[in-house]
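Written below as structure tokens is the structure these notes are about.
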Amino acid sequence: MMNSIAKIMIIGKDETLLTLNGFSLLEKTFELMKFNRVESIESHLDEVKLLIINGNLNVINGIDFIEYIREKDFDTPIIFLSENLSTDEIERTFAMGADDCLVKPFTINELICRIKAILKRTYGITHERLIHRDIILDINSRQTYVGEAEIELTKLEFDLLTFFIENKNSILKRDDILDKIWEGSTTKKRTINVRISRLNHKIDPENIKGYFTAIRGVGYRFN
């Protein structure tokens, strides 16, 4: 089971957030706790790094709930999601203690960027997970997952996979790979081929996913 970098609570009856394109990326990047109702959530507030209030709640206005949380001396960062907010309502949202406010429609990527900014500012968390297709790299713990399975990689393999994912869909020259991973050592270029073959076997033992494409005379592209 994956260890999360940050646990986030989402409260709200509006399920449009859950159906947004890319919502699965939010689930892979953070550990989510979802509540449709506000009852009994106070016992869980100390467990999370951030609270997302998704629109008005079942028994209380979302902005009023922010005020309630702050009056209870919970200082967990809050992002408020809503639609059709007036300027006065946005100002009141911040006045009641929200750390950020997003007005629908928005993209999951925008929400993730705002979450990361708050986590960095509040807790100093600067890395979450690097994700590509079904591969998840946990940068802090240096754990690797393909789907739900944890894959054991050496330090060099982890660094190599990180470099490729950071430059996915781009052609990486063998000289650039040597400089980045082997730091300009006298390692021969054919060593790269061997290392990539071993890495590919670990993340794709059946060799059916086509992660790596060899570019003749140049290097590799990670797909």
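The values are calculated or read from the model by the stated rules, or taken from the named source; none is laboratory data. Just so you know, these numbers come straight off a predicted model, no measurement behind them. Here Cβ is always computed from backbone atoms with ideal geometry, including for glycine, and neighbour counts include all displayed protein chains.
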### Message
Can you go through D73, D46, D88, D64 and tell me which one is charged (D, E, K, R), outside any loop (DSSP other than H, G, I, E, B) and under 23 Å from K7 (Cα atoms)?
### Response
D46
### Given (1) over 13 Å from the mean Cα position of the chain (by Cα); (2) assigned to a strand (DSSP E or B); (3) buried (at least 17 other Cβ atoms within 10 Å of the Cβ), index of the condition L153 fails
(2)
### Query
Which numbered condition trips up F106, out of (1) modelled with pLDDT under 90; (2) part of a loop (DSSP other than H, G, I, E, B); (3) outside the structural domain of L32 (by TED's automatic domain parsing)?
(3)
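Per-residue answers, yes or no, for (1) hydrophobic (A, V, I, L, M, F, W, C); (2) farther than 12 Å from I135 by Cα; (3) not assigned by TED's automatic domain parsing to the domain that holds P205:
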residue: E148; (1), (2), (3): no, no, no
residue: E152; (1), (2), (3): no, yes, no
residue: K155; (1), (2), (3): no, yes, no
residue: T162; (1), (2), (3): no, no, no
residue: L178; (1), (2), (3): yes, yes, no
residue: E183; (1), (2), (3): no, yes, no
### Message
I need a count of the residues in region 79-88 that are surrounded by 15 or more Cβ atoms within 10 Å (Cβ to Cβ), under 27 Å from the mean Cα position of the chain (by Cα) and either at pLDDT below 90 or closer than 13 Å to D46 by Cα (or both).
### Response
1
### Of all residues in region 49-61 being assigned to a loop (DSSP other than H, G, I, E, B) and under 25 Å from the mean Cα position of the chain (by Cα), the one that is surrounded by the most Cβ atoms within 10 Å (Cβ to Cβ)
K49
### Task
Return the residue satisfying two criteria in turn: it lies in region 110-128 and is surrounded by fewer than 12 Cβ atoms within 10 Å (Cβ to Cβ) and assigned to a helix (DSSP H, G or I), and of such residues it is farthest from the chain's Cα centre (by Cα).
R121
